[in-house]
Amino acid sequence: MLLSTLHTPRTLSRLSLTRHSHSYTSRASLTDQTPTLTTSPPPHSEILSTRQTLLSRHASAVDLALSRLARLRLTEPRLRAFLHLPDDDTLLSQARRLDALIAAGDDPGPLAGVLVGVKDNICTKDMPSTGGSRVLAGYRPPFDATAVKRVRELGAIVVGKTNMDEFGMGSTTEASAFQVTANPWDESRVPGGSSGGSAAAVSARQCVVSLGSDTGGSVRQPASFCGVVGLKPTYGRVSRFGLMAYASSLDTIGCFGSSVADTGILLHAIAGHDRFDATSSKQDVPDFQSQFVSVSSLESKPLKGLRVGLIRETIDKGVDAGVISAIRAAAMHFEELGCSVNEVSLPSFSLGLPAYYILAVSESSSNLSRYDGIRYGNQVYADELDSLYGGSRAEGFGSEVKMRILMGTYALSAGYYDAYYKRAQQVRTIIRNSFKEALSQNDILISPAAPSVAYKIGEKKNDPLAMYAGDIMTVNVNLAGLPALVLPCGFVEDGPAGLPVGLQMIGAAFNEGELLRVGHIFEQTLENCRFVPPIVADGDIAF
Ligand SMILES: NC(=O)C[C@H](N)C(=O)O
């Protein structure tokens, strides 16, 4: 954030992008002409500043954890972002261990003292992991997922398990078997899904960063709805060991942060080959942190020469006008940064949604067969096997999961396989190729992360097709296996404080470093824009 240029007339004239009041007490408005910054801007990286604070002994890990936990306890009854939270003593004992290391002069690790939220479909050995499903209520895995193990080894503290749509099947968290999470910007709205708890928790600063999973947009769409940064890595970049499988050829573990830098640092911590996941890639993981250069002015055209392609089909009919204007303003911002921006067409774009919903449900019908009451899952009493299977599933699964298993079984059945599954695989190849072609002429592609801002709770719950249609911006990227970064780029005037709009940047496979570099520069130069929801300031807890 360029504070020095915050109040220049030039800045204000560009504010169609980000016109938003920073006062926690006043309503945000697209027409605000006099922004008021009532608190100092956040550091570009809370992870880096936490490390600095600890090593310089300005505060202890216990102090930092206590202040974060105070906000968490205060906001959680309203947000319901977590399905499981250990008691404070359990968390503070981990902070005490870090303080002891620092006192002894040892390095506590690059993520020391960082509170991380973990989506409930990512296994943790010391906390329940239900995947948002009644079928796994009370299940405690005997191991940590590789991503969890890695962040813990680097000093992070897992603060709890976040709410989600059952097994990742949904876009709002309303398909969680346990609770609906509220959006921190407007508590009558959904946070998006399926990783809605992870996005809401970071947005409300209940934790510093969080892990989610993205099969068809489950990190990127909630990041957009909650005004945080969300990164879906290239398929294979992050081990899926310990992630409950939904659609294995599409599933990825992704990251949330309140800045691009934090999100990239978290990715660096979890990325890289893992012998427990044969699909994890052996590609080197570059030092993403070196990408986070400071930019002092727009005049230096810090992204000079970058070719940006705005996907035409994503700013077309069916997309909210407010979203389109925020994305067009973001495109203008890229031009100001020195990029060339051109509209590109991906004619196969609209095929992504039907192909995704055939492939994802087909894979899920196979993956979820393990929850049969014997291998995994709750078990009902029955005196013969079929009734035990049937009864356990009938009782354990929610209606969306049941519907998808049925659709998937149908698409894979002998008489329909060619018409549905095989055809969807062919479409997947076409989509992959069209991205390849577009990315040979552009360095990055941009689009909205979702066709609208956050929905009202209940608005789409009983209309699955409308719910699925909301995934149009994200599913293609999973089908192509590419990385994508979503970051907040503006507001639509709606709800008590305005609702954030997310920009999606799509890059070539394994080129997360470039997305992070570009995203960091975009974010720093997006003056006058703090994506901190009003709930953070409630209760006088200093941010
Ligand atoms: N899991 C995801 O990535 C979300 C997508 N809405 C789905 O239901 O499949």
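The numbers here are math on the coordinates, done by the rules we state, and not lab data. Keep in mind it's a predicted model, so treat the numbers as computed, not measured. Cβ sites come from the backbone with ideal geometry, for glycine too, and all protein chains shown count toward neighbours.
Here is how the numbers come out for the structure above:
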| quantity | calculated |
| --- | --- |
| Equivalent ellipsoid semi-axes, segment 107-252, via Cα gyration tensor eigenvalues times 5, rooted, Å | 21, 18, 15 |
| Amide hydrogen neighbours beyond the local backbone of ILE157, cut-off 5 Å, H modeled | GLY113, VAL114, LEU115, VAL116 |
| ALA278-ASP126 pseudo-label distance in nm [points 7 Å out on the Cα-to-Cβ vector] | 3.3 |
| For segment 336-402 versus segment 162-199, the gap between their alpha-carbon centres in whole angstrom | 17 |
| Value of relative contact order over the chain, rounded to a whole percent, pairs C-alpha under 8 Å and six or more apart | 20 |
| Cut-off 15 Å between beta-carbons: net charge of the residues surrounding SER49, Lys and Arg +1, Asp and Glu -1 | +1 |
| Estimated dipole of segment 381-446 in Debye, rounded to 20 [Cβ of Lys and Arg +1, of Asp and Glu -1, Cα centre] | 420 |
| Helix-derived mean residue ellipticity, 222 nm - over the chain, DSSP H n ≥ 4, -39500 (n - 2.57), to 500 | -10500 deg cm²/dmol |
| Kirkwood-Stokes translational diffusion coefficient of the chain, alpha-carbon pairs, 20 °C, 1.002 mPa s, µm²/s | 92 |
| Positive-end extreme of charge dipole, segment 359-403 - chosen from GLY396, LEU368, VAL380 (charges on Cβ) | LEU368 |
| Rounded to whole Hz, the Karplus (6.51, -1.76, 1.60) HN-Hα couplings of segment 170-175, x for glycine and proline | x, 9, 9, 6, 5, 8 |
| Cross-link reach list, aspartates and glutamates versus LYS456, counting only Cα pairs under 14 Å and skipping chain neighbours closer than eight places | GLU174, ASP186, GLU187, ASP494 |
| Percent breakdown of C-alpha pair distances by 5 Å bin, ordered from the shortest bin, for segment 256-375 | 2, 8, 9, 10, 14, 17, 17, 11, 6, 3, 2, 1, 0 |
| Amide hydrogen neighbours beyond the local backbone of VAL295, cut-off 5 Å, H modeled | none |
| Positive-end extreme of charge dipole, segment 281-376 - chosen from PRO347, GLY305, ALA329 (charges on Cβ) | PRO347 |
| Segment 181-244: relative contact order as a whole-number percent, Cα under 8 Å and 6+ apart | 29 |
| Burial order of peptide ranges 402-408, 117-123, 57-63 (average beta-carbon count within 10 Å, highest first) | 117-123, 402-408, 57-63 |
| Distant alpha-carbon pairs in segment 227-316 (separation over 18 angstrom), percent | 60 |
| Beta bridges by DSSP in the chain, antiparallel share as percent, to the nearest 5 | 65 |
| Cubic angstrom per residue, convex hull over Cα atoms of segment 332-478 | 156 |
| Span-like helix ranges in the chain, DSSP H, alpha carbon extent 24 angstrom or more, Kyte mean at least 0.0 | 61-79 |
| Other-chain or far-sequence residues with amide H under 5 Å of SER176's (modelled H) | GLU166 |
| Segment 137-188, Cα convex hull volume normalised per residue, Å³ | 122 |
